[in-house]
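Report on the following structure.
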Amino acid sequence: MAGIRNGRPYRRLVAAQKALGLPCWICGHNIPVNVDGRRRPLAFTLDHEVPLSKGGSLLDPANARSAHRRCNSARGNRTTPRVQQRASRRW
């Protein structure tokens, strides 16, 4: 599967999704355009709404979503993003 992600169709899908300039679909915050790199938490990554391990399509634009690297990594292969619960001020 790693070889497919380096192929031209996948790179085109990543470029097209990034060009849309959409916010992270998990947290809703903007993805900075000037942040690149594999280890940067706010960098753009292509996420798949239906994870590949759950049968999602690698190259289907309808399955592609924009996400921060940290949000994508935290989500893992769950089918829905984990909603951050805010702590209550009540004790």
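The values are calculated or read from the model by the stated rules, or taken from the named source; none is laboratory data. As the structure is a computational prediction, the values presented were derived from the model and not from experiment. Positions of Cβ are backbone-derived with ideal geometry, glycine not excepted, and every protein chain shown enters the neighbour counts. Heavy atoms of the whole protein, side chains included, go into the accessibility calculation; ligands, DNA and RNA do not. Shrake-Rupley method; radii C 1.70, N 1.55, O 1.52, S 1.80 Å.
Restricted to the stretch 66-81, and to residues there that are part of a loop (DSSP other than H, G, I, E, B) and on the phi < 0 side of the Ramachandran plot, the residue that is modelled with the lowest pLDDT is P81. Being closer than 14 Å to L13 by Cα and of a type in the set (A, V, I, L, M) is the filter here, so list the residues in the stretch 48-66 that pass it. Those that are closer than 14 Å to L13 by Cα and of a type in the set (A, V, I, L, M): L58, L59, A62, A64. Counting the residues of the stretch 24-40 that are open to solvent by 50 Å² or more (accessible area, probe 1.4 Å) and touching a Ser or Thr at 6+ places or on another chain (Cβ under 7 Å) gives 1.
Matching residues to (1) of a type in the set (S, T, Y); (2) over 11 Å from W25 (Cα atoms); (3) at pLDDT below 95; (4) in contact with a helix residue (DSSP H, G or I) (Cβ under 9 Å, 6 or more places away or on another chain):
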residue	(1), (2), (3), (4)
L42	no, yes, yes, yes
K54	no, yes, yes, no
P61	no, yes, no, yes
A64	no, no, no, yes
V83	no, yes, yes, no
A87	no, yes, yes, no
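The residue pairs whose first member lies in the stretch 17-38 and is under 19 Å from G76 (Cβ atoms), whose second member is of a type in the set (V, I, T), and whose beta carbons are closer than 8 Å, counting only pairs six or more residues apart or on different chains, are C24/I31. Scanning the stretch 1-16 for residues that are open to solvent by 60 Å² or more (accessible area, probe 1.4 Å) and touching a residue at least 24 places away in the same chain (Cβ under 8 Å) gives M1, I4, R5, P9. In the set (1) modelled with pLDDT under 95; (2) more than 22 Å from I4 (Cβ to Cβ), the condition left unmet by N30 is number (1).
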